[in-house]
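Notes for the one structure printed next.
The values are calculated or read from the model by the stated rules, or taken from the named source; none is laboratory data. Worth saying up front: this structure is predicted, and the values here are computed from it rather than measured. Cβ atoms come from the backbone with ideal geometry, glycine included; neighbour counts cover every protein chain shown.
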Amino acid sequence: MNEIGNVAVIDIGKTNAKVALVALANCVETVVLKQPSIIAQDGDYPHHDVGALWSFITQSLRKLNETAHVDAISVTTHGATAALVDASGNLALPILDYEFDGFGEYRDRYNKLHPKFSETGSPRLPMGLNLGMQIFWQQQKFPDAFRRVAKILMYPQYWAYRLTGIACNEVTSLGCHTDLWSPVKNDYSSLVDQLHLRPLMAPLRGAFEILGPISSAVAQATGLGRTTQVGVGIHDSNASLVPHLTKSTKAFSVVSSGTWVVAMAIGADTPMLDENRDCLLNINARGEMVPSARFMGGREFQVLAGDQHVKISDPDISAVLEDGVFLLPSVSAGSGPFPDRQSNWVGSPNVAQRNVAASFYLAMMTATCLQLIGAKGDIIVEGPFSENDLYLKMLSAATGLPIVADKSSATGTTIGAAMLFGSDALAVSRRKHSAAPSDQSYVAYARKWLKLVAS
């Protein structure tokens, strides 16, 4: 295989889909194309509009190849999503949106099958966030269609299959709160056998493996050469970990921000994880267990800030810190470290002050997640929140740990996915925030927030 210089990364998030060209020598995005991730509402249930996504992917690959030669393609997507593929390679059923919550009586039936947290590291979650719940419902609700299923593919591997015609699965997506994987056994969970799914699960491959070249049909649709290699694919939060897995032998944590904020601890003493507070075990690209906790921070900030571009002044920040303006959890109830709480405001902020307090709220929620997983050492923040100075400063004050803002890309998932093709280079613009004596107002605010939540 020729040396790989440029990797096209297909990065499908819950909110946006992106195709980016990454120069592997220095791990820099040179071209980025985006569109919203569309949830179609027609048919029996809300589902991912794979037709629109596939058109976007192929057109984007063609544009990237016109800019610079594309040597390889890597795929990363959000979790809690699977494709049920028939013998012809088509979908036997539409790909269910994990925010669907219309399972009705099937929820109670599934709860009786739900494997123990000690087996899977996968907590009981609302909506369709446990992938096993989705598959059980589809199996029971649409038996005729389900009988046509020949392969069950995790979402990154579905797109890799569309590109190559080669079916496989991979543990980072299988291991993210699906109920389908047992990290202790390093095998499928008891649920897979209870539902008789094992024969349908595509063969396992490693995240660092090359799956194969693109198909002739994809080459024709995109203009890419037939030797263009496609990787196996990886879960997005775990893609964020890839650049950091070989960088340090010391304990550290990565906070991956996007629609979800996922805190992952590496090398720390793992506490007893609380399955009732959205703690879970992720599996990283090397197949290792990673204590994790999360909340829907990106979605929450979108709800709180909307499309407003509000100018925030120093007096606005001082007013929030000194007058005691607080946003308490949870904006997105049902998940995160405070799943049973409804958010409320303390104080009467103006629009700018609400944005300040929202950033502080997100930092305190992140700090709580980090505390739940026993985080130690540097905290590396990647993704959109790495650009939010108020968030970073409050996170530093709340944790007392060094905060490293990783500004290598708008989403670290893209760089991590590209690095699966072998690069050790990572050009990163970073700055550290620390809870210095001059920031005692932030420390005091963090303590007060925790006291209000506890009361």
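Is the range 306-313 home to any residue that is closer than 21 Å to R124 by Cα, in contact (Cβ under 8 Å) with a residue 40 or more places away in the chain and either among the charged types (D, E, K, R) or surrounded by 18 or more Cβ atoms within 10 Å (Cβ to Cβ) (or both)?
Scanning the range 306-313, I find no residue that is closer than 21 Å to R124 by Cα, in contact (Cβ under 8 Å) with a residue 40 or more places away in the chain and either among the charged types (D, E, K, R) or surrounded by 18 or more Cβ atoms within 10 Å (Cβ to Cβ) (or both), so the answer is no.
Restricting to the range 183-218, name every residue that is part of a helix (DSSP H, G or I), surrounded by 16 or more Cβ atoms within 10 Å (Cβ to Cβ) and either small (G, A, S) or outside the structural domain of V171 (by TED's automatic domain parsing) (or both).
If the condition is that a residue be part of a helix (DSSP H, G or I), surrounded by 16 or more Cβ atoms within 10 Å (Cβ to Cβ) and either small (G, A, S) or outside the structural domain of V171 (by TED's automatic domain parsing) (or both), then S190 is the only one that fits.
Spot the failing condition for L224; the list is (1) within 26 Å of K63 (Cα to Cα); (2) touching a residue at least 24 places away in the same chain (Cβ under 8 Å); (3) not in a loop (DSSP other than H, G, I, E, B), and only one is missed.
The failed condition is (3).
For the range 34-59, give me the residue count where each residue is touching a helix residue (DSSP H, G or I) at 6+ places or on another chain (Cβ under 9 Å) and closer than 24 Å to G212 by Cα.
Residues that pass the stated criteria total 6.
Determine whether the range 283-291 contains at least one residue that is free of Cβ contacts under 8 Å to residues at least 12 places away in the same chain, under 26 Å from L211 (Cβ atoms) and either charged (D, E, K, R) or in a loop (DSSP other than H, G, I, E, B) (or both).
Checking the range 283-291: at least one residue is free of Cβ contacts under 8 Å to residues at least 12 places away in the same chain, under 26 Å from L211 (Cβ atoms) and either charged (D, E, K, R) or in a loop (DSSP other than H, G, I, E, B) (or both).
With respect to L452, is the statement that it is of a type outside the set (K, R), over 28 Å from V242 (Cβ atoms), surrounded by fewer than 23 Cβ atoms within 10 Å (Cβ to Cβ) and at pLDDT 95 or above true?
yes
Cβ-Cβ under 8 Å, sequence separation 6+ or interchain: first residue in the range 252-273 and touching a residue at least 40 places away in the same chain (Cβ under 8 Å) and at positive phi, partner surrounded by fewer than 19 Cβ atoms within 10 Å (Cβ to Cβ) and of a type in the set (A, V, I, L, M). Which pairs?
G267/A251
Can you tell which of V331, V303, V320 is in a helix (DSSP H, G or I) and without any contact (Cβ under 8 Å) to a residue 40 or more places away in the chain?
Testing whether each residue is in a helix (DSSP H, G or I) and without any contact (Cβ under 8 Å) to a residue 40 or more places away in the chain leaves just V303.
If only one of D274, D269 is loosely packed, with under 14 Cβ neighbours inside 10 Å and farther than 30 Å from E209 by Cβ, which one is it?
That would be D269, the only listed residue that is loosely packed, with under 14 Cβ neighbours inside 10 Å and farther than 30 Å from E209 by Cβ.
With the requirement that a residue be part of a loop (DSSP other than H, G, I, E, B) and surrounded by fewer than 24 Cβ atoms within 10 Å (Cβ to Cβ), what does the range 229-259 give you?
L245, T246, K247, S248, T249, K250, A251, T259
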